[in-house]
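Before any comments, here is the structure.
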Amino acid sequence: MTSIIHSSEGESGCDQPIISKGLPVAGSFVTEIQSMMHGFGDARSPLPESASLIESIVQQQQRAVISQAADMATMRGSKCIGPEDILFLLRKDRIKMHRLMKYLAVKDMKKNINSVLLESSLDGDLMLETPRGSGKKQTNLCMDFLRSIDQTGELTDTCTLPVDMVKHERNVRAERSSRVLDETRYLEFVNARRASFVSLKSASKFRELLQTSSDGNFEALKLSGVTYDLLGYMAYETVAQIVDLALLVRRDSLTRPGMPFSRYIPGAGYSTSHTLDSQQIEFADPLTPAEIREALRRYCSCYIGPGAVFTCSAASHARTRLLSC
């Protein structure tokens, strides 16, 4: 399995990502990524160069995830990469694990509602019950796997879940940005936040994104349908984290009058203590490829510690890291 997937030193997106030049080619996700960037806090019209750079990073990151998941599948004697292999990669981060489980729960609920509506259209009566023969939900299957590897009970403990501050900051940022939008701009913003890698229109393109090598060849990868959904979710989270980190780089680059040492203080998170007005949102400059590269440089070359992610030191050793795990 692992011999099929070609990995390189920069496969996780931390080493010199390639920028696609020119207009988006067929099968490209530049348009979708631009919508995602706007939904995560970028300007109304993100730069195509930045979206193309993020697309190459996402592709490299996904190949690294598939390579590691393929190793997990080989160790358990399977010829197909399943959702349990993806979950195993997330076992060290409870917050990201819980975020993914909530995504699966919403998918199961949507599937259940669609099945109920389909049966009601055939029978003429609306039955608010789980359709018979619908099989076991993906959330339950994933929870069963987590229980099998959870020796301390920490992964499956839903009573003491840590606060997802990253998700909270994103929601607050989106809410404050939407306050000053008119109806047309708000609908545009909502549609941007709905952009996805695994929608009905982009599902085939996402499979090509995963299976197309750098020279245009296709790799024969055996992935289950649920695994494609999880990889699409992780690609979406990768875009979100890149935008988060790039916004921190921009925040650090701003001068602060009266604070001479502010430039030496690393950004520890996107501050939601300030207010946004319509002028700041309307005329905000889009994120540049240089800011994205700097964000990845800081993320991939950091010291140990919660505030060391944005330590600008050339003496730190660069490491390849996954953004979604």
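3J(HN,Hα) along region 151-157: 7, 9, x, 6, 5, 9, 7 Hz, from the Karplus curve 6.51 cos²θ - 1.76 cosθ + 1.60 with θ = phi - 60°, whole Hz, x for Gly and Pro.
Residues whose amide H comes within less than 5 Å of that of Ser301, counting only those at least five positions distant or on another chain, are Arg319 (H built at 1.01 Å from N in the peptide plane).
Neighbours of Pro46, meaning other residues whose beta-carbon lies under 14 angstrom from its beta-carbon, give a summed charge of -4 when Lys and Arg score +1 and Asp and Glu score -1. Neighbour counting of Cβ atoms within 10 Å sorts the residues Leu230, Leu254, Leu117, fewest neighbours leading, into Leu254, Leu117, Leu230. Ordering Thr31, Thr139, Thr184 by the number of other Cβ atoms within 10 Å of each residue's own Cβ, fewest first, gives Thr184, Thr31, Thr139. Count the net charge of all other residues whose Cβ sits under 13 Å from the Cβ of Ser324, scoring Lys and Arg as +1 and Asp and Glu as -1. Combined, the nearby Lys, Arg, Asp and Glu give +2.
Residues in region 51-68 carry Karplus couplings, in order, of 5, 5, 5, 5, 4, 5, 5, 4, 5, 5, 5, 5, 5, 5, 5, 5, 4, 5 Hz; the curve used is 6.51 cos²θ - 1.76 cosθ + 1.60 with θ = phi - 60°, and Gly or Pro positions show x.
Only the coordinates and a few stated rules stand behind these numbers; no lab work does. Here the structure is a predicted model, which is why all the values come from computation and not from measurement. All Cβ positions, glycine included, derive from the backbone under ideal geometry; neighbour counts span all protein chains shown.
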